[in-house]
Amino acid sequence: MQMLAAVAAALVVAWAVLVVVAQVKNPDQSPITMGMSGLARGRAPWVMKSAFIVRGLSALALVAALPADLRVTRLAFAGVVLLWVWGTGSAVLALADTDMPGEAPTPAGRAHAVIALVAYIAGATGAIVLSSTMLRHAGLSGIATWALPISITAAAALAVQVVAFGAAAREAPAGMAAGSATPAPPETVAAEPVSPAVAPPLAAGVPPQLGTETRVGTRAAPRARPAGTAVDSGALHDLASYAGLYQRIFVGLLMAWTLLVALSLLGS
């Protein structure tokens, strides 16, 4: 069991290294606005795809490293199954490429989105369930004192992430429609002229991004809000601008939970 815990911890570290390398190789993909899955469609896509697989294997190794007496209750068994779904789903993401912003939806892209959502929910729920079970385990109650808060925070980050990406998905068609619509009346145009930011050209083979908002150091001018739009639409727009960051916070917290549980199993 301790060997499997050591493997799980090592895989978490390897995952972090792979994600950093993938991001460095794709500086045109903003880690603030863009999801991590897009890194598997940019330069050196095998790096991010390897990160998906390693992330999944870390969860599966942790499941195998858990003490046998922890899995006897129904609640603990449910947590183990959920964590298995998280690990398997994470690895399977390497087989289905995501759709990039500006591209027409594809079956592979839809599959990627569904698998990711199911895996994320299973991972966050499984971590909470297992952390709660550890509270009643004589040898693991100390782990749960910090594992449970981390898992709950990860679940909160997941909820924000889902809302942020949902807002970004709704804004994408609206933005394309606005580009082809007739000019707005004079009263909706800003008084001061806005100089459009010129985005650097994309390298060959790199898919389109979300426009100038996703490039480092550039940000598109805010669109005029139609009459009758809800007041909170501005807040949703701001939330969508940080969708990639919320995703990284969620996944990072869940991987930190995996690492700390694995290290605690090593020391127990």
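Some notes on this structure:
- Among the residues making up the stretch 10-35, those that are part of a helix (DSSP H, G or I) and surrounded by fewer than 22 Cβ atoms within 10 Å (Cβ to Cβ) are ALA10, VAL13, ALA14, ALA16, VAL17, LEU18, VAL20, VAL21, GLN23, VAL24, LYS25.
- Pair list, Cβ < 8 Å and 6+ apart or interchain, from the stretch 148-164 residues that are under 21 Å from ARG136 (Cβ atoms) to residues that are of a type in the set (Val, Ile, Thr): LEU148/ILE128; SER151/ILE128; ILE152/ILE128; ALA155/THR125; ALA155/ILE128
- Of all residues in the stretch 52-81, exactly one satisfies the criterion of being within 17 Å of THR125 (Cβ to Cβ), surrounded by fewer than 18 Cβ atoms within 10 Å (Cβ to Cβ) and of a type in the set (Gly, Ala, Ser), namely ALA78.
- The single condition among (1) within 25 Å of VAL261 (Cα to Cα); (2) surrounded by fewer than 21 Cβ atoms within 10 Å (Cβ to Cβ) that GLY87 does not satisfy is (2).
- The stretch 95-123: number of residues that are without any contact (Cβ under 8 Å) to a residue 40 or more places away in the chain, under 16 Å from the mean Cα position of the chain (by Cα) and not in a helix (DSSP H, G or I): 2
- Filtering the stretch 257-268 to residues that are of a type in the set (A, V, I, L, M) and buried (at least 18 other Cβ atoms within 10 Å of the Cβ) leaves LEU259, VAL261, ALA262, LEU265.
- In the stretch 36-51, residue surrounded by the fewest Cβ atoms within 10 Å (Cβ to Cβ) [restricted to those that are under 17 Å from the mean Cα position of the chain (by Cα) and touching a residue at least 60 places away in the same chain (Cβ under 8 Å)]: ARG41
Read-outs: derived from the displayed coordinates by stated rules, not from any lab. Remember, it's a predicted structure, so these values are computed and weren't measured experimentally. All Cβ positions, glycine included, derive from the backbone under ideal geometry; neighbour counts span all protein chains shown.
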